[in-house]
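The values are calculated or read from the model by the stated rules, or taken from the named source; none is laboratory data. Note that this is a predicted model, so its numbers are computed, not measured. Cβ coordinates were reconstructed from backbone atoms using ideal geometry, including for glycine residues, and neighbour counts include every protein chain displayed. Ligands, DNA and RNA are stripped out before the accessible areas are found, and what is left, the full protein with its side chains, is counted by its heavy atoms. Shrake-Rupley method; radii C 1.70, N 1.55, O 1.52, S 1.80 Å.
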Amino acid sequence: MAGFFAAVSNTPISTIIFVSEMTNSYHLLLPSLLVCSVAYLATRRWTIFKSQVWRRIDSPAHSGEFFVDVLQTITVRDLLDRVQQVTMIPESMPFADFRKHFSETEQHYFPVMDQHGKLARIFSINDIRSVLFSPGIGNLVVMRDIGTSDIITTSPSEDLNAVLKKFTVKNIDSLPVVRDDDTRELIGMLNRREVIAVYNRRVQEMKALG
C-alpha cells in the first residue's frame, strides 16, 4: 500500500508517515522507506495529480515565501552597477534655475544637497508638477523649501526584501543609496524596476540549474 501510493502520488515521505499512522505501527518504517523510495524514483515522471509542479519554485502556493527568500539572498551591493548616477540640487538654487535644469534632464527624483555636498532633502517631479510653471515664484522659492528632509534611503548592505518594503511605504519608484558608514553620502538612485529585474534574473538562473 505504501509503495503503490508513493508511486502514483510522488509523495514518498508523506506516504510513509500516512501509512504508519493508519496501521498504528512503526515497525515497518525502514522497509517502507526503502519501498517508497524505489517506487518514487521509478515512477516520478507520472502522477495522479495533474497540476502538481515539480519544484517549489514553480508552485503558486509558495510563490510569496519564495519571493521573500530570493530577495533576502541579494543585497544592494550586488546592484551597484545598476544604481543610477544623478545630479544633486543645491539647497540654495532658485526655483527659476531649477526649471532650466529640469528641461535638460530625464531625472524623476532630485536629491538636494547642503553646502557640504551631503544629502539633505529630496523631491520628485510629482511633488512640483502643480507649481512647475507657476508664474511669480521663480525667484521667491529655493529648493530647500521644496525638498523633504524625511528621506527613505537604502545602503549597500541592505537586502532587497527590505528595499522592496521601503518602495511600498510611500509608493515610490526610486530610493537614494547611501554609504553604510555615512547616511548622508549619496552613491546614487536605485529604481524599483532594477530590483524586480534582478529578482527575475535570479529566478531564471535557479530554474535553469534545477
Proximal charge balance of VAL169 [Cβ under 15 Å; K/R count +1, D/E count -1] = +1
message = Using alpha carbons only, how many angstrom separate the centre of the range 114-190 from the centre of the range 9-36?
response = 59 Å
task = Keeping the other protein chains in place, figure out the carbon and sulfur percent of the accessible area of the range 111-171, with a 1.4 Å probe.
result = 50 percent
Reachable aspartates and glutamates from LYS170, criterion Cα separation under 20 angstrom, eight or more residues apart if same chain = ASP127, ASP150, GLU158, ASP159, GLU194
ask   = Can you tell which of HIS116, HIS27, HIS101 shows the greatest fluctuation in a Gaussian network model of the chain with Cα springs below 10 Å?
value = HIS27
ask   = Going from most exposed to least, what order do ASP127, ASP159, ASP81, ASP97 have by accessible area with a 1.4 Å probe?
value = ASP81, ASP127, ASP97, ASP159
inquiry  = Can you give me the Rg/Rh ratio for the chain, using Cα atoms for both radii and the Kirkwood formula for Rh?
reply    = 1.28
ask   = Where in the chain are the helices, taken as whole DSSP H runs, whose Cα atoms extend 15 angstrom or more along the long axis and whose Kyte-Doolittle mean reaches at least -1.0?
value = 12-23, 29-43, 192-209
